[in-house]
Structures are given as structure tokens and as C-alpha cells.
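Peer 1: Starting off with a structure, shown below.
The values are calculated or read from the model by the stated rules, or taken from the named source; none is laboratory data. Values in this document were obtained by computation on a predicted structure and should not be read as measured data. Cβ sites come from the backbone with ideal geometry, for glycine too, and all protein chains shown count toward neighbours. Side chains included, ligands, DNA and RNA excluded: accessible areas come from the protein's heavy atoms. Shrake-Rupley method; radii C 1.70, N 1.55, O 1.52, S 1.80 Å.
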Amino acid sequence: MTALIFILVSLFLVIGMPVALSLGVVGLSGLFALEGSGAFFGVTMIIYESLRTTAMVLVIILVCIIFIFLGDFLEVVSINIITLPIIFPILLAIGIDPVWFAVIMTINMEFALITPPVGLNLFVIKGVVEDASLMEVFQGTLPFMLLMLAVLAPVILFPQLSLWLPFMVR
């Protein structure tokens with residue numbers, strides 16, 4: 001229970017900084033708007049949007065770290081049952097696209113399937129290749145883990161990579 005409280009406090013701290021900065025920027029832009037500086041207000045709104053986008057990316061990165069950590073000890077179904085009721089409403093409230101999150105979560109869950117020591121696919125491989133030790137199987141997954149992280153980074157930084165096909169269907 002204390003771990004859950006720690007995770008929630010960490011989440012609010014990560015979200016709180018960009019939100020506090022955004023509130024300060026909005027307040028300052030209101031003051032300048034009262035002074036008649038409309039151009040400054042426009043620039044401030046651009047800064048506000050960039051901070052909002054940065055906050056969303058930081059939250060997604062934090063969620064990915066949580067998923068990767070939980071993937072070390074839990075199976076995929078357990079991670080989904082434990083985290084989705086808590087994380088998903090928060091992500092929707094801050095404006096994260098559910099399709100984008102689903103793609104990111106799928107990549108993270110696939111990552112969890114090959115993460116030692118509980119990765120289900122590791123034991124499947126060990127059962128198929130009987131003469132390999134479990135340590136060799138663990139070491140053999142390292143390039144694939146790095147590859148998954150290399151795929152995850154652009155999907156997080158450029159949401160359009162995962163959203164263009166669903167938008168074409170609509």
C-alpha cells in the first residue's frame with residue numbers, strides 16, 4: 001500500500017511541476033493582457049501549449065517506467081488489472097489520446113513478456129530450446145529489449161506514428 005502511495009505522490013509531483021508552470025504562465029499572460037500587450041499573450045499561449053505537451057510526455061514516460069518495473073515481477077494480465085483502473089482515468093483527464101496510450105501500453109506489455117525473471121516468453125523459449133540455460137535465454141533477450149525501447153521512444157515522442165492509421169479509418 002505504501003508503494004501505491006509513493007507512486008501516486010510521484011505521479012502528482014511529476015504532473016504538478018508543469019501544471020504549476022502553466023498556471024504561472026497563464027496568470028502572467030493575463031496580467032500582460034490587462035496592460036494591453038496582446039502579442040505577449042499570444043507567445044505565452046504558445047509556451048503554455050508546449051508545457052502541456054511536455055507534461056503529457058513526462059506522464060507517459062513515468063507510466064512506461066512503472067510498466068517496465070512491474071513487468072519484472074508480474075505477468076501482463078496482472079499488470080493490466082492492477083494499473084489500468086488507476087492510470088487510465090488520470091491519462092484521460094490530462095488529455096492523452098486513448099489509442100496512443102493503447103499502442104504504448106501494448107509495446108510495454110510485450111516488453112514485460114521478455115523481461116527477466118517472470119517474462120512468460122522466456123520460459124516458452126527455455127522449453128523449446130532445452131539445452132540452453134535460463135541465463136543464456138535471459139541474455140539472448142537483451143538485444144530485443146533494446147530494440148523495443150528504440151521503438152517505444154519515437155512512438156512516445158511522435159504520437160502521430162501510432163495515430164495516423166486510426167485517423168485514416170475514421
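Peer 1: Per the Cauchy relation, a quarter of the hull surface: what is the mean projected area of the convex hull of the alpha carbons in the stretch 62-170, in nm²?
Peer 2: Projected area, direction-averaged: 7.8 nm².
Peer 1: Which ³J(HN,Hα) values in Hz, rounded to whole numbers, follow from the phi angles of the stretch 150-161 under the Karplus curve 6.51 cos²θ - 1.76 cosθ + 1.60, where θ = phi - 60° and Gly and Pro get x?
Peer 2: For the stretch 150-161, the Karplus-derived couplings read 5, 7, 5, 4, x, 5, 6, 6, 10, x, 4, 4 Hz, x marking Gly and Pro.
Peer 1: If you take the charge dipole of the stretch 65-170 about its Cα centre, with +1 on Lys and Arg Cβ and -1 on Asp and Glu Cβ, which of Ile94, Phe123, Leu157 is farthest toward its positive end?
Peer 2: Working it through, the farthest residue towards the positive pole turns out to be Ile94.
Peer 1: Here is a follow-up. With the full set of protein chains in place, find how many percent of the accessible area of the stretch 57-170 is carbon and sulfur; take the probe as 1.4 Å.
Peer 2: Accessible surface attributable to carbon and sulfur in the stretch 57-170 totals 79 percent.
Peer 1: May I ask you to derive the FRET efficiency for Leu134 and Leu84 from their Cβ-Cβ distance with R0 = 35 Å, giving the value to the nearest 0.05?
Peer 2: The formula returns an efficiency of 0.70 here.
Peer 1: Cα atoms only, the stretch 105-166: Rg and Dmax in Å?
Peer 2: Reported Rg and Dmax, both Å: 14.2, 44.
Peer 1: Determine the per residue accessible area of the stretch 83-170 with all protein chains present and a 1.4 angstrom probe, expressed in square angstrom.
Peer 2: Accessible surface, normalised per residue, equals 60 Å².
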